[in-house]
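A short write-up of the structure that comes next.
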Amino acid sequence: MADRVKQVMDTLDNLAEDTSVPRNIRKGATDAKARLMDTKDAMDVRATSAIIILDDLANDPNIPLHGRTLIWNVISQLEVLSAQSG
C-alpha cells in the first residue's frame, strides 16, 4: 500500500509542476496531495477526499487531455487504496 501511495504522490507532484495545465488544476493536485498526507484521518477517508478534489478537476473543461488522463489514473489508484483500507 505504501508503494501505491508514493506513486500517487509522485503523479500529483508531476501534475502540480506541469506548466502546460492551468493553474487551478496544479493547485488542485497540490490540495489533493496535502489531503492524502493529513494523517489525522484514516486512509480511506483521505483517499475519498482526494478523489472528490480530483473528480472536480477532471471535469474542468480547460484541462488538457494528458492532465485528465493522469487524474483518472490517480483516481483509480485511490479507489483501490480506499477499498483496501476501508
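Quick note: the coordinates plus some simple rules give every number you see, no bench work behind them. What you see is a predicted model, and the numbers here were worked out from it, not measured in a lab.
Expressed as a fraction of 2.2 N^0.38 Å, the value expected for a compact globular protein of N residues, the C-alpha radius of gyration of the chain is 0.99. For the chain, modelled as a GNM whose springs connect Cα atoms under 10 angstrom apart, the maximal fluctuation among Leu54, Leu70, Leu36 occurs at Leu70.
Helix check for the chain. Which DSSP H runs span at least 18 Å along their own axis by Cα, with a mean Kyte-Doolittle hydropathy no less than 0.0? Write down the numbers at each step before the final one.
Details: long enough: 2-17 (22 Å, -0.54); 23-37 (21 Å, -0.92); 43-58 (22 Å, 1.01); 65-85 (30 Å, 0.40).
Span-like helices here: 43-58, 65-85.
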